[in-house]
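To start, the structure under review is shown below, and the notes come after it.
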Amino acid sequence: MKNVGILGATGYAGQQLLGLLRTHPHIKIKFIASHSYVDQEFSKIYENYSHEFDKVCISNIQVEENLSKIDLLFIALPHGKAFEISKKALDLGVKVVDLGADFRLNHQKVYEEWYKVPCKEKDLLSQAVYGLTELNREKIVNSNLVANPGCYPTASLLGIIPLLKNNLIDTDSIIIDAKSGVSGAGRSASISSLMCECSESIKAYAVGTHRHTPEIEQEASKISGKEVTLTFTPHLVPMNRGILSVIYAKLKKNIDEKELKKIYLDEYKKDKFIRIKDTLPETRWVKGSNYCDISVRVDKRTGRVIVMSAIDNLMKGAAGQAIQNMNLMFGFEETKSIDFISIFP
């Protein structure tokens, strides 16, 4: 049995994480921490946990006092907030999975340029393993610090890994058009997330400036072996959860859909949570699950490949993948506590 703590337990990703860990046979939740709900019972904040999980939230400050009681710390905080507590945890021999952005980028200058906050523990950047499980499984097993990927990068990278690994596309031609549910913006009050503001509408945002862009480019560059610069445009869709990422790229050689599908099946043949489909992915078929559904099409007229990838942003894009990584770090079965399909309707 391993003891874990959750810092940022009352955000959407944090509560999803707690819900999955609550039934994990090898995990005990030692403490949960919240900035906004100190000394309040978790089940009073999220009433679906009534009589199931009534632990009281401690303050972020109290987390440091309790680090010695745990084996792993989950951090689900806004960017810039994970550096110091991660250093303290690691110094005590406590493993860390950060669901935020602080350790995803490899270079201090790039992080500070895109996130506009100081990188306070730059030495930790080289220790962190990028936690896209299907890409870095072996590294994650031996890591003490895992940077859980962003939700958009998870959907996008899983969609293009086979293309990059097999040198099938012109890397300067990649365009990613992605759409996310409102929960991706977090639980904090925001005018843009109000029902009257986002219902019955769809909009692009952070065009050319979204902070997940350098993350996608960084990992795509590693896979392809050369620097990748791409276009990424996110959109807000009036639904609670889910991401659909549609990726366009110019093919370098003539290849048909049947051959492409085989390449994808070969790449992901050992990956439980990747489903290569003939039909087009929809967010409803992955909602509430850790699955990523992928389909590939070839536009022969333009010579472009079109890849569609669907995930639940709070599961494979956050809490589900965090537990997948934790399972690897502790030597548990990789699918433990996240092996279920979506609920429909």
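The values are calculated or read from the model by the stated rules, or taken from the named source; none is laboratory data. All of these numbers come straight from a predicted model, not from anything done at the bench. As a convention, Cβ positions derive from the backbone with ideal geometry for all residues, glycine included, and neighbour counts pool all protein chains shown.
Quick notes
- Any hit, region 214-222, residues being among the hydrophobic types (A, V, I, L, M, F, W, C) and either farther than 18 Å from A310 by Cα or in a loop (DSSP other than H, G, I, E, B) (or both): yes
- When we screen L158, L164, L145 for residues that are within 22 Å of R104 (Cα to Cα) and in contact with a Cys (Cβ under 6 Å, 6 or more places away or on another chain), the only hit is L158.
- Where I338 falls short, out of the listed (1) under 28 Å from V97 (Cα atoms); (2) surrounded by fewer than 22 Cβ atoms within 10 Å (Cβ to Cβ); (3) of a type in the set (V, I, T): (2)
- Of the residues examined, L230 is one that is under 14 Å from L157 (Cα atoms) and without any contact (Cβ under 8 Å) to a residue 60 or more places away in the chain.
- Residue in region 86-104 that is within 16 Å of A318 (Cα to Cα), touching a residue at least 24 places away in the same chain (Cβ under 8 Å) and touching an Asp or Glu at 6+ places or on another chain (Cβ under 7 Å) present: yes
- Verdict on E121 being surrounded by fewer than 21 Cβ atoms within 10 Å (Cβ to Cβ), under 21 Å from I247 (Cβ atoms) and touching a helix residue (DSSP H, G or I) at 6+ places or on another chain (Cβ under 7 Å): no
- Being farther than 24 Å from G225 by Cα and out of contact with any Gly (no Cβ under 9 Å at 6 or more places or on another chain) is a property that S86 has.
- Of the residues making up region 163-181, those that are assigned to a helix (DSSP H, G or I) and surrounded by fewer than 23 Cβ atoms within 10 Å (Cβ to Cβ) are L164, K165, D172, S173.
- Region 178-191 residues that are assigned by TED's automatic domain parsing to the domain that holds Y205, paired with ones that are of a type in the set (S, T, N, Q) and in a loop (DSSP other than H, G, I, E, B) (beta carbon under 6 Å, 6 or more apart): S180/N313; G181/N240; S183/N240; G184/N313
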